[in-house]
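S.K.: Structure below; questions to follow.
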Amino acid sequence: MTRPTLGWVGAGRAASGMARALAAHGWHIETVTSRSGESARMLAESVGARATADPAEVSGDLVILAVPDGAIAEAAARLAESPASWVGRAVVHTSGATEIAVLTPLAARGAQIGGLHPAYPFSSDRTLTPSLSGVTFAVEGDADPLRRWLTALVDSLEGRLLTLPPGARPVYHAALVFASNYTITLIGLAARLMESFGASPDAAKGALDSLVAGMVENVRREGAVAALPGPLARVDLGTLTAHMQALRQMNPDAARLYAELARATYPILRARGVSTDRLADIERALVED
Ligand SMILES: NC(=O)c1ccc[n+]([C@@H]2O[C@H](COP(=O)([O-])OP(=O)(O)OC[C@H]3O[C@@H](n4cnc5c(N)ncnc54)[C@H](OP(=O)(O)O)[C@@H]3O)[C@@H](O)[C@H]2O)c1
């Protein structure tokens, strides 16, 4: 297949990481545009493209909008207002949460529209070229040739393609937020609990860093069900009771969250063979004073 040429709108974290990785794999990027212009010039220079401030000059068979979610509609409208022809071209955005319908003004001009969301946290250092090998790209857009173009793009990066059916986007993105954002929320809470008995921030961070790194490695190797350690996995009722009593005294919100997270772990415990009776024992340990 002849590869489509690319145009980028946005030159921030996602655009820089993706465009640099694609350029390193031989993709031809024609133009880059951004809000300020300076970031577009920097990215364009590093990937052999032309920076432009004029939406009418945004070229490329496949135009990738990597602007903040709140700016996608405006950026799409500006592109759609330009006199450039969109027939035979395609436009995707890189948002996980925003519906594809936001690109409708471009579809009305003849472009095929879709989504290409990398499930990957790009660095704030825009000069890095990340390896996106193994990264999942959630793709929406069935029309041909858009679908072939996106598949070729993901394949060339050795990424994994996940097709999003219509309507799945909010649940898909919420799942990523659970796995990524809320893991960080819990690490922050754990650090504050450690500091509450006098551990320094450095000591708390040191303890949690290697714990979390080991946990992530185990989940990667064995999957979530086999990797779960701790009092729930051991059905250690005495430890669960002690945790709940201590947390209720010093931080009732943390106690409530602890119990809810334990309950959210029941499907994993069931998959490990923990019986309904033992789950009832756990439930009692969580609620008893
Ligand atoms: N960051 C990630 O790890 C990540 C991962 C997956 C998906 N995404 C998605 O990628 C998209 C971009 O996120 P990001 O983190 O890369 O944001 P970002 O770092 O803030 O960069 C946004 C870029 O968009 C430009 N921009 C803002 N408004 C614009 C407009 N109206 N027209 C043209 N360009 C405009 C900005 O220009 P200036 O440079 O001039 O400010 C900047 O280059 C979002 O939809 C996000 O959900 C991000």
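S.K.: Restricting attention to segment 132-156, which residues are farther than 20 Å from D69 by Cβ and either of a type in the set (D, E) or part of a strand (DSSP E or B) (or both)?
M.R.: The answer is D142, D144, D155.
S.K.: Of (1) within 13 Å of the ligand (Cβ to nearest atom); (2) closer than 20 Å to E30 by Cα, V135 satisfies all except one. Which?
M.R.: Among (1) within 13 Å of the ligand (Cβ to nearest atom); (2) closer than 20 Å to E30 by Cα, the lone unmet condition for V135 is (2).
S.K.: What single numbered condition from (1) within 30 Å of A84 (Cα to Cα); (2) touching a Ser or Thr at 6+ places or on another chain (Cβ under 7 Å); (3) of a type outside the set (G, A, S) fails to hold for L150?
M.R.: L150 satisfies all of (1) within 30 Å of A84 (Cα to Cα); (2) touching a Ser or Thr at 6+ places or on another chain (Cβ under 7 Å); (3) of a type outside the set (G, A, S) except (2).
S.K.: Okay, next question. Just to be sure I understand, how many residues within segment 132-169 are in contact (Cβ under 8 Å) with a residue 40 or more places away in the chain and farther than 24 Å from T104 by Cβ?
M.R.: 5
S.K.: Give me the residue from segment 161-193 that is among the hydroxyl-bearing types (S, T, Y) and part of a helix (DSSP H, G or I) and, out of that set, surrounded by the most Cβ atoms within 10 Å (Cβ to Cβ).
M.R.: Let us first name the residues in segment 161-193 that are among the hydroxyl-bearing types (S, T, Y), namely 163, 172, 180, 182-183, 185.
This time we only want the ones that are part of a helix (DSSP H, G or I), so: 172, 180, 182-183, 185.
On the way: Y172: 17, S180: 12, Y182: 11, T183: 14, T185: 12.
Across segment 161-193, the extreme among qualifying residues is Y172.
S.K.: Is it true that I113 is crowded, with 21+ Cβ neighbours inside 10 Å, of a type in the set (V, I, T), more than 21 Å from R3 (Cα to Cα) and without any contact (Cβ under 8 Å) to a residue 40 or more places away in the chain? Write out each step before concluding.
M.R.: Details: crowded, with 21+ Cβ neighbours inside 10 Å: yes; of a type in the set (V, I, T): yes; more than 21 Å from R3 (Cα to Cα): no; without any contact (Cβ under 8 Å) to a residue 40 or more places away in the chain: yes.
When the stated conditions are applied, I113 does not pass them.
S.K.: Which pairs turn up if I take residues in segment 268-288 that are farther than 18 Å from G230 by Cβ and in the same structural domain as V235 (by TED's automatic domain parsing) and look for partners that are charged (D, E, K, R) and assigned to a helix (DSSP H, G or I) with beta carbon separation below 9 Å, at least 6 apart in sequence or on another chain?
M.R.: So the pair list comes out as T276/R270.
S.K.: Quick check on this structure: which one of S16, S85, S36, S95 is in the same structural domain as Y120 (by TED's automatic domain parsing), surrounded by fewer than 18 Cβ atoms within 10 Å (Cβ to Cβ) and within 23 Å of E140 (Cα to Cα)?
M.R.: Details: S16 fails: surrounded by fewer than 18 Cβ atoms within 10 Å (Cβ to Cβ); S36 fails: within 23 Å of E140 (Cα to Cα); S95 fails: surrounded by fewer than 18 Cβ atoms within 10 Å (Cβ to Cβ).
Unique residue meeting the criteria: S85.
S.K.: Oh, and also: All but one of (1) in contact (Cβ under 8 Å) with a residue 12 or more places away in the chain; (2) outside any loop (DSSP other than H, G, I, E, B) hold for T129; state the number of the condition that does not hold.
M.R.: Status for T129: all satisfied but (2).
S.K.: What are the residues in segment 108-127 that are over 16 Å from V154 (Cα atoms) and within 12 Å of the ligand (Cβ to nearest atom), if any? Spell out how you get there, then give the answer.
M.R.: Kept after step one, since they are over 16 Å from V154 (Cα atoms), are these residues of segment 108-127: 108-113, 121-127.
Answer for segment 108-127, where residues must be over 16 Å from V154 (Cα atoms) and within 12 Å of the ligand (Cβ to nearest atom): P121, F122, S123, S124, D125, R126.
S.K.: Does R160 count as within 22 Å of I113 (Cβ to Cβ), among the basic types (K, R) and at pLDDT 95 or above? Full working, then the answer.
M.R.: Values: within 22 Å of I113 (Cβ to Cβ): no; among the basic types (K, R): yes; at pLDDT 95 or above: yes.
No; evaluated as a whole, the condition is false for this residue.
The values are calculated or read from the model by the stated rules, or taken from the named source; none is laboratory data. On a predicted model such as this, the values are computed, not experimentally measured, just so you know. Cβ sites come from the backbone with ideal geometry, for glycine too, and all protein chains shown count toward neighbours.
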